[in-house]
Each structure stands twice: as C-alpha cells, then as structure tokens.
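The values are calculated or read from the model by the stated rules, or taken from the named source; none is laboratory data. Remember, it's a predicted structure, so these values are computed and weren't measured experimentally. Backbone-built Cβ (ideal geometry, glycine too); neighbour counts: all protein chains shown. These accessible areas exclude ligands, DNA and RNA; they are computed on the full protein's heavy atoms, side chains included. Shrake-Rupley method; radii C 1.70, N 1.55, O 1.52, S 1.80 Å.
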Amino acid sequence: MPGSRDRPGHPDAPAQPVPDDMPRLRPVSPRKNAPPKPDLLDQAGPADRLPAHDEPAPWSRADLRKRLECLPAGHPSSLRNDLSRDKPPGPLDLLPARAADGEQGCTREAAGTPADGRDHPDRGADEPKRDYWSEVPRFLREWAEHVRDWPAERVAAAVDRSRDPAGSWRGDGNQYLSPEQHAQAKDVIARVQRAEETLTKHMAEAERTNTCGGRLEGTQFRLKGEERLKEKIAEKIEHEPSRTPAGALRQINDAIRYTFCFEPANYSDGYRDVKQRLEAGKNRMVYSENHWHHDPEYKGINTRWMTHEGEPFEVQFHTAESFHAKQQVTHNSYERLRNPLTEYDERRELRTFQRKVCYWITVPDGAAAIADCGQKGHG
C-alpha cells in the first residue's frame with residue numbers, strides 16, 4: 001500500500017513509486033454548497049486508507065482513528081478486538097444460548113460445558129474434540145479441590161471409640177456392633193467368602209462363552225470389603241434390632257458382585273447374552289435397575305441374583321467409560337455420600353460433581369430401553 005504507515009511491521013519502508021503507465025485521476029473542483037465529505041475512515045477498512053500524501057490533520061478525529069487502527073489486535077484500545085473473529089473461543093464461548101422455547105439441557109454449572117458440547121457444529125476445525133476421556137483430568141482436579149475444602153478428618157473426628165467394650169466394632173460412619181454381634185458377623189462373612197469361589201467359576205465361563213465381547217472387570221473387588229459388610233450389617237440391625245448378623249447379611253445383595261463391560265455397540269445385546277447364560281446356570285434374577293435413562297449421578301445397569309442354593313450376588317453391566325467413572329472418578333464421592341456423618345452442604349457439592357462426570361458418559365444405543373425387573377427390597 002502507498003505510504004509507510006499502511007505496512008505493519010515496516011514503519012520505515014519508502015512509498016512505492018507510481019508507474020508511468022498507470023492512469024491518473026483528474027482532480028475535481030469542489031462544488032459550491034456541496035455537503036461535507038464523510039470521513040473516509042468511517043467507511044473504509046485498513047486496505048482503503050488515505051494515501052500518505054493526504055494525511056489527516058494532527059490530533060484530528062481522523063488522525064486518532066488512524067492511530068487506533070494501527071494498533072495490533074489484542075491491544076486494549078485496538079478497534080479490532082472483535083472476539084468473534086480475532087480470538088479463538090474458549091469453552092464458555094462455545095456455550096449456546098438457552099433456546100427461547102424452554103429447551104432443557106445440562107447447565108453450565110452442572111456440567112461445565114454446553115448441552116451438546118461433545119460435538120458442537122460451531123466448534124473450530126482445529127479445536128480438539130471433547131469427550132469423557134478428555135474431561136477426566138478436569139474431574140480429578142475438581143475432586144482434589146473438594147478434598148482440600150472438605151478434609152476427611154472433619155468426619156472421622158466425630159467418631160468416638162474410646163468407651164466401646166473390647167471385641168466390639170464401630171465404623172467410620174458411627175455404625176456399631178456389640179462384641180457378640182461382631183463375632184457373628186465375622187463368621188457369616190467367612191461363609192460368603194467360601195461361596196464366592198464357586199460363583200466366580202461360573203462368571204468366568206460366561207465371560208469365555210458370551211458372543212458379544214463382554215469381559216469381566218474389577219474382579220479384585222468381587223468380594224465387598226469386610227469393613228463395608230460390617231457397616232451394612234450394623235445399619236440393618238440398627239433399623240431392626242431383632243435381626244441377627246446372619247439374617248442381615250442375607251439381605252445384602254452385593255456382598256459378592258461382578259462387572260461385565262461391553263463396547264457401546266454391543267452393550268444391549270451383551271446384556272441379554274450374559275443374562276441368558278446366568279439363567280441357564282440355574283441362577284434367578286430378582287431385581288434389575290437401569291440407570292442409563294433416569295439417573296444423573298450414575299450410569300450402568302445393576303442386577304441382583306440368587307443362586308439355586310439361595311446365595312445372593314450382584315452383576316453390573318458397564319461400558320469402559322461408565323466403569324472408569326464409577327471406579328476411578330466418583331467412587332470416593334459415593335463413599336462420602338453414603339456416610340451418615342457427611343454434612344448437607346458437602347452432599348450437595350458431591351451430587352453436583354457426580355452429575356458433571358456422568359454428563360460426559362456416552363449412552364450406548366438401545367441401553368435406555370432395557371426394562372427394569374422386580375423390586376429393590378432392602379439390600
């Protein structure tokens with residue numbers, strides 16, 4: 001462009017000579033009573049600025065505008081600080097406005113993302129796609145912040161075992177078993193551990209023979225921990241003091257539990273495949289709950305079964321995402337929620353956190369249509 005000020009980055013570049021063969025404009029004499037000429041800089045972009053030999057008067061409005069237009073984008077006074085063009089959108093910039101017809105979706109506060117943020121049509125071509133796995137680091141940072149704000153010691157300090165008799169047991173949630181109840185509880189827990197060995201062989205066979213690629217995950221957790229079993233036994237006795245530890249344990253459906261994981265495309269067929277194989281082994285499903293279609297804080301299908309000997313066990317059905325979320329991201333949140341000593345304000349934050357995580361878990365095709373079965377009961 002003619003004139004050094006029109007070449008950003010080259011302030012001292014000389015003006016380019018005009019070729020002799022270029023047609024020259026004939027000067028026009030100003031007409032009498034002609035309306036004032038509009039400021040060309042009000043209409044022209046940077047490519048149409050006035051030539052250097054026709055500079056505006058110093059400190060005039062046109063001169064000020066010209067100086068501002070020479071500022072780089074991003075400068076606080078630059079006229080080119082249009083976020084829609086010069087600045088890549090951040091995560092919140094991608095959030096669509098709420099639809100006027102009352103369309104409902106996950107809110108920014110609940111999910112930290114637009115309702116359709118997994119694959120937004122206005123997303124820049126170079127911006128990485130966001131999915132459950134890309135959000136995991138953020139979830140883990142948020143959980144670390146929660147633990148900092150709500151240290152576990154605050155709850156543990158509320159449990160006083162100093163006056164408990166020898167041989168008794170008291171859990172972190174202040175559940176209590178007398179010495180006699182505690183001894184009985186240890187005996188019935190040992191019985192469950194023996195029954196698990198036979199059940200695990202049947203589950204391994206279902207894993208080997210199913211036709212949908214289902215695999216057992218988390219088998220190291222197939223037995224609920226002794227401390228958690230004692231908590232559940234104590235809770236049931238507290239609600240029904242005449243119940244024995246053996247009777248309480250029979251009402252705990254997940255003392256033995258297994259998890260089958262499927263690829264999303266095979267999930268629905270895989271659920272039915274494994275269900276049929278367990279039924280063929282003389283096991284009876286007594287309850288199932290599909291959390292895919294109604295639960296904002298947990299995803300998966302939980303089923304409860306009874307062997308022909310009367311031993312209860314649980315089988316969960318997950319995808320890689322929902323299983324990872326359950327085991328690696330929200331497990332500690334769930335543990336705090338089930339603790340009766342957890343404060344109300346913390347519970348509210350925990351539920352919000354679990355909703356954020358579950359929002360990003362992909363629902364497998366057809367999973368939401370799988371029907372529930374039976375009654376939940378007391379387990």
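Some values worked out for this structure:
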quantity	calculated
Among Thr211, Ala248, Gly300 - extreme Cα towards positive end, dipole of region 180-316, charges at beta-carbon	Thr211
Residue-level accessible surface for His331, protein heavy atoms, 1.4 Å, Å²	80 Å²
Test item: Cα-centred dipole of region 221-298, Lys/Arg +1 and Asp/Glu -1 on Cβ, debye	480 debye
Region 218-288 - convex hull of alpha carbons, volume per residue in Å³	119 Å³
Amide H within-cut-off set for Val286, under 5 Å, with H built and near neighbours excluded	Arg304, Trp305, Met306
Square roots of five times the Cα gyration tensor eigenvalues for region 299-342, Å	24, 17, 6
Segments 167-178, 251-262, 308-319 sorted - mean Cβ within 10 Å per residue, highest first	251-262, 308-319, 167-178
